[in-house]
Amino acid sequence: MSAPAPAARFGSGKAVKRVEDDALLTGRGRFADDVSLPRQAALVFLRSPHPHARIASIDTSAARALPGVVAILTGADLVAAKVAPLVQSADFKRADGSKTAAPPQHVLAVDVVRYVGECVAAIIAETAHQARDAAEAIDVRYEPRPSVAEADAAIAPGAPLVWPQATGNVACEAHHGERAKAAKAFAQAKHTVGLDLVNQRVIPAPIEPRTTIAYLDDETGRLTLRTSCQTPTGWRDELAGVLGMKPDTIRVVVGDVGGGFGMKTTLYAEDVVAAYCARTLKRPVKWCAERLEEFLSASHGRDVHTRGELALDADGRILALRIDSRANLGAYATPAGVVIQLLIGPWVSTSIYDIPLIDVRIRAVLTHTTPTGPYRGAGRPEAIYFLERLMDAAARKTGIDVAELRRRNMIEPAQMPYRNPMAKTYDTGQFALVLDRALALADWSGFDRRAAESRKRGKLRGRGMATFLEWTGADVFTERVTVTVSDGDDGQGEIEMFSATQGMGQGLLTTYAQLAVDVFGVPLERIRIVQGDTDRGTGFGSAGSRSLFVGGSAVHVAANETVDEARKLAAVDLEAAVSDIDYRDGEFRIAGTDRRIGLFELARKQSGRRIVVDSTSSVDDATWPNGCHIAEVEIDPDTGAVSVDRYWSVNDVGRVVNPMIVVGQLEGGALQGIGQALCEAFVHDATSGQPITASFMDYALPNASMVRHFEMTMDESTPCRNNLLGVKGVGELGTIGATPTVVNAVLDALVRAGAGSRVDALQMPLTPERVWRALAGAT
């Protein structure tokens, strides 16, 4: 990859340095916790120590008498104040046709607590220390009840119920495909393969904890919140509904966001309480999560148990796919937690393979655990992991090379646009081409030589791959951008573009600015991208890798509309026909003459010394980025420790705007996927229901030393047809591909060491102990 270009007239396709970084690296970032206001009170929560218990009584009298305490709230107080529960899923049904069954999620527990960490009481004090002291003085009498933490245990006969109406602890379920036809295909198949797999519970762990500061605006009296979230508009609208307010009476402001990974797309109980307290106390109220609170109460990811099966003919062509999944929702059926597993994951269940028949059943299961929700990839990593594990198992059973088996089943370019069994249409894709490029990049044929070198050093070597795609867009394909061209205080002019998408570390400000440079032709430093203010504009926000192809396309359209509008103004100023006005590099001129006027000079002549254009545009449909990822791992046979020695990938993300940012997204995403493959797991004690990995002392995040070499490349030969830019989403692709790639590589090493088919029973994370035990069994 070329070295980053300096900030100048560099549009798309260039490795421009991120414009965000100077402020962040010099301490001038503006995160939610950087904001403090006069008369600000601190908000702290008392949380349940039990996974399931009845609240017999809450005595707050001693706590209220402590110094600095302003107020203490319980669930009963908020119910009396008509604060509604958080929104629950209503889009799916139970097997008997009845609506989703799940308990209401009150922002402070009412009568019953259902997971460790659930908010029971809120303490508002002059300082956070005083609030914490008061929390310890509250006397809550609990009557513990039996609990269940795992999905399969929850659906077992006699398991404790999370909600009486959810019999069998199944909140709702979905079925996709043709069960009878799939069964017939399995009966006639030459080969069948089946695996029982667990995609374990993980936590997103962004570097910036959730923070919300709520206050009443001095001038308007409106409720204003500064927070760290990915979707300010949806966050505001849900908050309005819970508090019984109109959305336009609430303003949400978001500054810098230190990572989101999907976790910050949703409104949480703590946010509602902060807003309620600011409105009722008429003073600013601030809550900042401690890391322990993030482990216990921020939404978790994944947690799906699956029985997956493939039916293949004698040539290794797939006849049918059968999936039976139990998705752990946690204690409440959040809308995202349900739709991710029951619908979004199945959308990619056949991936890049021409699989004619599917039989997919997913049950959404309630347990006494923290609710699950979006985490980088949101349903697609789970579906792809199950399928890619099956592909390797099928290769071992049929004796067909893992790459060849995948090639035989790939959808061909001539089949595009291709409609998969979930009725989703892929617009483009050259999957065999991407596979071939990846095999060449990884020197696939040179593996035996590298394996011999590993053996000389006493190491075992294995290789794995994943060929896959993902769906991007969050099913929201419209965005609004407001453009303001002004002459600027420095006399050189500025183009400000406001977008309701939300940066959270992925470099949107740089990428959008490059797209603006493409149209305006002015130096990059003259472009200013603004986000994070519902008073400036509303839209869906950033999730599902939609920002570039929806938000970036909207930037492109808005920039062109601004030039067109300014051309009309220039025609008036230059006394010429609009059709005679050319625009290039920030300047309008009459064609064939030397009469001209600069864009910023033109803005100076307008009312308010600016040109403003409000633009709304849409893209046609989702994008389907895809890739082939290949890894080679080394295993220390004495300890079972795994290191990723080499990781290569070829990624079709359509047109690339900034290759440096894309590679960064792919590498960062891959490391998160590798973390799930090798070390991450949020674990509950099966007997007590207590979390036992609720801190970084016990929960193992991946680190840079786990991977010795990354080589991420892009193939731009197949641009997307669903948006003007030809781009495809990229933010989640690395995570989706890395987990099965690395797991398959470890299993390959174990098979080569003599473990045989026993590797099919191995589950993530492939910790040194698990790998060592597998090796011990092999020998």
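Could you check segment 664-690 and list, in sequence order, the residues that are of a type in the set (A, V, I, L, M, F, W, C) and either assigned to a loop (DSSP other than H, G, I, E, B) or open to solvent by 20 Å² or more (accessible area, probe 1.4 Å) (or both)?
First, the residues of segment 664-690 that are of a type in the set (A, V, I, L, M, F, W, C): 666, 670-671, 674, 677-679, 681-683, 686.
Answer for segment 664-690, where residues must be of a type in the set (A, V, I, L, M, F, W, C) and either assigned to a loop (DSSP other than H, G, I, E, B) or open to solvent by 20 Å² or more (accessible area, probe 1.4 Å) (or both): 671, 679, 681, 682, 683, 686.
Among all residue pairs at least 6 apart or on different chains, which show Cβ distances below 9 Å where the first residue, located in segment 483-504, is over 15 Å from residue 610 (Cα atoms) and at pLDDT 95 or above and the second is open to solvent by less than 10 Å² (accessible area, probe 1.4 Å) and acidic (Asp, Glu)?
From segment 483-504, the pairs are 499/479; 500/479; 501/479.
Quick one: is residue 657 surrounded by fewer than 20 Cβ atoms within 10 Å (Cβ to Cβ) and either at pLDDT below 95 or under 25 Å from residue 480 (Cβ atoms) (or both)?
No.
Any residue at all in segment 691-713 that is open to solvent by less than 50 Å² (accessible area, probe 1.4 Å), in a loop (DSSP other than H, G, I, E, B) and of a type in the set (S, T, N, Q)? Give the derivation first.
Within segment 691-713, the subset open to solvent by less than 50 Å² (accessible area, probe 1.4 Å) is 691, 693-695, 699-700, 702, 706-707, 712-713.
Retained after the next criterion (residues that are in a loop (DSSP other than H, G, I, E, B)): 693-695, 699-700, 702.
Right, trim to of a type in the set (S, T, N, Q) and you get 693, 695.
Scanning segment 691-713 turns up at least one residue that is open to solvent by less than 50 Å² (accessible area, probe 1.4 Å), in a loop (DSSP other than H, G, I, E, B) and of a type in the set (S, T, N, Q).
Checking residue 546 against (1) touching a Phe, Trp or Tyr at 6+ places or on another chain (Cβ under 8 Å); (2) open to solvent by 10 Å² or more (accessible area, probe 1.4 Å); (3) among the charged types (D, E, K, R), which test does it fail?
(2)
If we scan segment 181-199, do we find a residue that is aromatic (Phe, Trp, Tyr) and within 19 Å of the chain's Cα centre (by Cα)?
no
Please name all residue pairs, on different chains or six or more residues apart, with Cβ atoms under 7 Å, provided the first residue is in segment 725-749 and is in a strand (DSSP E or B) and the second residue is open to solvent by 10 Å² or more (accessible area, probe 1.4 Å) and among the basic types (Lys, Arg).
From residues that are in a strand (DSSP E or B), the pairs are 727/655.
Taking segment 416-461 as the region of interest, how many residues are within 16 Å of residue 652 (Cβ to Cβ), assigned to a helix (DSSP H, G or I) and either among the β-branched types (Val, Ile, Thr) or touching a residue at least 12 places away in the same chain (Cβ under 8 Å) (or both)?
Summing the residues that are within 16 Å of residue 652 (Cβ to Cβ), assigned to a helix (DSSP H, G or I) and either among the β-branched types (Val, Ile, Thr) or touching a residue at least 12 places away in the same chain (Cβ under 8 Å) (or both) in segment 416-461 gives 9.
Which one of 449, 461 is modelled with pLDDT of 95 or more and either within 28 Å of residue 32 (Cβ to Cβ) or out of contact with any Lys or Arg (no Cβ under 7 Å at 6 or more places or on another chain) (or both)?
Just one listed residue meets the conditions, 449.
Across segment 441-477, what is the total count of residues that are open to solvent by 10 Å² or more (accessible area, probe 1.4 Å), within 31 Å of the chain's Cα centre (by Cα) and farther than 19 Å from residue 637 by Cβ?
5
Residue 512 fails exactly one of the following numbered conditions: (1) in contact with a Leu (Cβ under 9 Å, 6 or more places away or on another chain); (2) part of a strand (DSSP E or B); (3) farther than 30 Å from residue 404 by Cα. What is the number of that condition?
Checking residue 512 against (1) in contact with a Leu (Cβ under 9 Å, 6 or more places away or on another chain); (2) part of a strand (DSSP E or B); (3) farther than 30 Å from residue 404 by Cα, the one that fails is (2).
How about segment 355-378: which of its residues are assigned to a strand (DSSP E or B) and either open to solvent by 10 Å² or more (accessible area, probe 1.4 Å) or β-branched (Val, Ile, Thr) (or both)?
If the condition is that a residue be assigned to a strand (DSSP E or B) and either open to solvent by 10 Å² or more (accessible area, probe 1.4 Å) or β-branched (Val, Ile, Thr) (or both), then 358, 359, 360, 361, 362, 363, 365, 372 are the ones that fit.
Go through (1) out of contact with any Leu (no Cβ under 6 Å at 6 or more places or on another chain); (2) outside any strand (DSSP E or B); (3) modelled with pLDDT of 95 or more; (4) farther than 28 Å from residue 695 by Cβ for residue 218 and report which single condition fails.
(3)
The values are calculated or read from the model by the stated rules, or taken from the named source; none is laboratory data. As the structure is a prediction and not an experimental result, all values here were calculated from the model. Backbone-built Cβ (ideal geometry, glycine too); neighbour counts: all protein chains shown. Protein only, heavy atoms only, side chains kept; ligands, DNA and RNA dropped before computing areas. Shrake-Rupley method; radii C 1.70, N 1.55, O 1.52, S 1.80 Å.
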